[in-house]
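One structure is given here, and the rest of the page talks about it.
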Amino acid sequence: MAPDVLVIGAGVIGLTTAITLAETGARVTIRAAEPPEQTTSAVAAATWGPWMVEPADRVLPWASHTLTTLRALAAIPDTGVRLATGREIATTVHDPPAWATLLPDRRPCPPEELPDGYTRGVRYTAPIIDMPIYLRYLTQRLRTAGGHIEIGAVTAIADILDEASIIVCCAGIGARTLAQDDSLYPIRGQHLVVTNPGLTDFLEADTGDSPELTAIYPHPTHVILAGTAEPNAWSRQPDQASAERIRQRCTAIEPRLADTRILEHRVGLRPTRPHIRLTAEHHDNGILIHNYGHGGAGVSLSWGCAAEVRQLADPG
């Protein structure tokens, strides 16, 4: 039987969109060139925090909806989601982002909580997500709702418009070609995964406009050290020199990382555009919905965007 909905893309945006629609009773199929474990989402160093995405007036409700959902998932075993305390540290004063209002326990750090060289900081609790585990949870949840995943490349949206009455493009960076969207470009992210020497709190350091980031995201069995943010860089191959600099920056802040063992190098392409594209277009065979361009905020906005897709698909 033909699906009611065909979702293109099996990253976190595609999976949450498919689940949200399938759990309303729709017959949903995901078609993707890569399975979830090979997508950019699988290599994300994911905490909730929708940095540097627009439009701001739409991002805040998407972020709020997603935060509520992730907090609920943190109470369920084997989702890969947990609530963790962490710090954002800086050397200069910044106005807090609008989404900081969604974090009621956010408070300034006293001097003794700041590493050497840093003069400002805030501490708060937020979801932190182990993405390989989380993607497995989402995949199983989709199957439980009756949806399934087909592995196969889509070369043109026009070729599939008659396959379902609702098509949702969640193709990430692939939408640049698929949706012929030249405003979409990659921001390359490289991370280093090391053994955990006993860390529990995450840390993010302000590095301004530099493409070299400094962040530490601990999980029970490992720590993700971030990272890079390189615009218009397409390579998915790890760069050894970048990995060494990531380790040096993170170790300078957290010396316990010095003797850790490298487990993995991760590289992904954040699908970025001036504004997230979440729009609907009607055509002779039904409706085409675009849901892509989330940059590094895909996890942080995923459930909120999926809820809006549901409204666009069934405005009644």
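The values are calculated or read from the model by the stated rules, or taken from the named source; none is laboratory data. Here the structure is a predicted model, which is why all the values come from computation and not from measurement. With ideal geometry, Cβ positions are generated from the backbone for all residues, glycine too; neighbour counts draw on all protein chains shown. Side chains are part of the model used for accessible areas, which takes the heavy atoms of the whole protein and leaves out ligands, DNA and RNA. Shrake-Rupley method; radii C 1.70, N 1.55, O 1.52, S 1.80 Å.
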**Prompt:** Can you spot a residue in segment 72-87 that is touching a Ser or Thr at 6+ places or on another chain (Cβ under 8 Å), under 28 Å from GLY117 (Cα atoms), in contact (Cβ under 8 Å) with a residue 40 or more places away in the chain and among the small types (Gly, Ala, Ser)?
**Reply:** yes
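Looking at segment 1-44 only, could you name the residues that are assigned to a loop (DSSP other than H, G, I, E, B), aliphatic (A, V, I, L, M) and open to solvent by 20 Å² or more (accessible area, probe 1.4 Å)?
MET1, ALA2, ALA26, ALA33, ALA44
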**Asked** In segment 213-235, what residues are open to solvent by 40 Å² or more (accessible area, probe 1.4 Å) and within 13 Å of ILE187 (Cβ to Cβ)?
**Response** LEU213, GLU230, PRO231, ASN232, TRP234, SER235
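Hey, any hits in segment 126-148 for a residue that's touching a residue at least 40 places away in the same chain (Cβ under 8 Å) and either on the phi > 0 side of the Ramachandran plot or in contact with a Cys (Cβ under 9 Å, 6 or more places away or on another chain) (or both)? Can you show your working first?
Of all residues in segment 126-148, those touching a residue at least 40 places away in the same chain (Cβ under 8 Å) come to 126-139, 141-142, 145-148.
Adding the requirement that they be either on the phi > 0 side of the Ramachandran plot or in contact with a Cys (Cβ under 9 Å, 6 or more places away or on another chain) (or both) leaves 146.
So far as segment 126-148 goes, yes, one or more of its residues are touching a residue at least 40 places away in the same chain (Cβ under 8 Å) and either on the phi > 0 side of the Ramachandran plot or in contact with a Cys (Cβ under 9 Å, 6 or more places away or on another chain) (or both).
Give me the strands (runs of 3 or more DSSP E) completely within segment 216-297, filtered to those with at least 3 residues that are of a type in the set (Val, Ile, Thr) and out of contact with any helix residue (DSSP H, G or I) (no Cβ under 7 Å at 6 or more places or on another chain), ordered by residue number. Can you show your working first?
Values: elements: 222-228, 262-283, 286-294.
Fully inside segment 216-297 and qualifying: 262-283.
Would you say VAL122 is surrounded by 21 or more Cβ atoms within 10 Å (Cβ to Cβ) and either touching a Phe, Trp or Tyr at 6+ places or on another chain (Cβ under 8 Å) or of a type outside the set (Asp, Glu) (or both)? Walk me through it before giving the result.
Details: surrounded by 21 or more Cβ atoms within 10 Å (Cβ to Cβ): no; either touching a Phe, Trp or Tyr at 6+ places or on another chain (Cβ under 8 Å) or of a type outside the set (Asp, Glu) (or both): yes.
In short, no.
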